[in-house]
Amino acid sequence: MDVNVLRGVIAVVSLVLFVGIVLWAWDKTKRARFEEAANLPFAEKD
């Protein structure tokens with residue numbers, strides 16, 4: 001296997017991984033959980 005083929009495979013895998021993370025982050029079913037986590041630093045301590 002040539003080094004350029006390996007670079008191409010790594011580039012494709014990285015792109016697929018990036019798109020998967022973006023889709024996971026923008027999933028509407030997780031929105032409430034992300035908003036709750038974003039407000040944790042502002043929560044009052046008991």
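Of all residues in the stretch 17-32, which are more than 11 Å from the chain's Cα centre (by Cα) and either surrounded by 10 or more Cβ atoms within 10 Å (Cβ to Cβ) or outside any helix (DSSP H, G or I) (or both)?
K30, R31
Condition check: in a helix (DSSP H, G or I), of a type in the set (G, A, S) and at pLDDT 90 or above. Does A11 satisfy that?
yes
The values are calculated or read from the model by the stated rules, or taken from the named source; none is laboratory data. This structure is a prediction, so every number in the text was calculated from the model and none was measured. FYI the Cβ positions are ideal-geometry reconstructions off the backbone, even for glycines, and counts take in every protein chain you see.
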